[in-house]
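The values are calculated or read from the model by the stated rules, or taken from the named source; none is laboratory data. These figures come from a predicted structure and were not determined experimentally. Neighbour counts run over all protein chains shown; Cβ positions are idealised from the backbone, glycine included.
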Amino acid sequence: MITGTTKDGFDFEVSENIGKDFRIVMSLRKLSTDDVTAKIEGTYDFAEAVLGKHGIDKLVDFTTKKQGFADSEYIINTCHEIVAFVNEKNAEIKK
């Protein structure tokens, strides 16, 4: 497991394998479509692939306190930041 904190102060713990998780690929495909329903599904699928169900609840609570509501765009951007952090850590470990 990899732990970290986003630039806004969200503490997370995720699998070091999230960059290789095919569920992320599937959810990103939904996020890049013009189909609104698929985008909504993709938003949740992406967050769940990155954080798991417990982590989503934690991020939704954090986002609500920070933004005043559970802003979907903020949640997705935070998940992207977490994936980038994990990929960076994995690259450092490989060196």
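Summary of computed values
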| item | result |
| --- | --- |
| Region 50-65, residues that are more than 14 Å from the chain's Cα centre (by Cα) and surrounded by 15 or more Cβ atoms within 10 Å (Cβ to Cβ) | none |
| Scope region 64-95; condition touching a residue at least 24 places away in the same chain (Cβ under 8 Å), among the polar types (S, T, N, Q) and either closer than 16 Å to GLY9 by Cβ or not in a helix (DSSP H, G or I) (or both); matching residues | THR78 |
| Subset of region 10-22 (residues that are at pLDDT 90 or above and out of contact with any Phe, Trp or Tyr (no Cβ under 8 Å at 6 or more places or on another chain)) | ASP11, PHE12, GLU13, VAL14, PHE22 |
| Qualifying positions in region 1-49 - closer than 19 Å to LYS66 by Cβ, exposed (fewer than 13 other Cβ atoms within 10 Å of the Cβ) and out of contact with any strand residue (DSSP E or B) (no Cβ under 7 Å at 6 or more places or on another chain) | LYS7, GLY9 |
| Every residue from region 1-60 that is in contact (Cβ under 8 Å) with a residue 24 or more places away in the chain, of a type in the set (Val, Ile, Thr), closer than 14 Å to ALA84 by Cβ and not in a loop (DSSP other than H, G, I, E, B) | ILE2, VAL14, ILE18, ILE24, VAL50 |
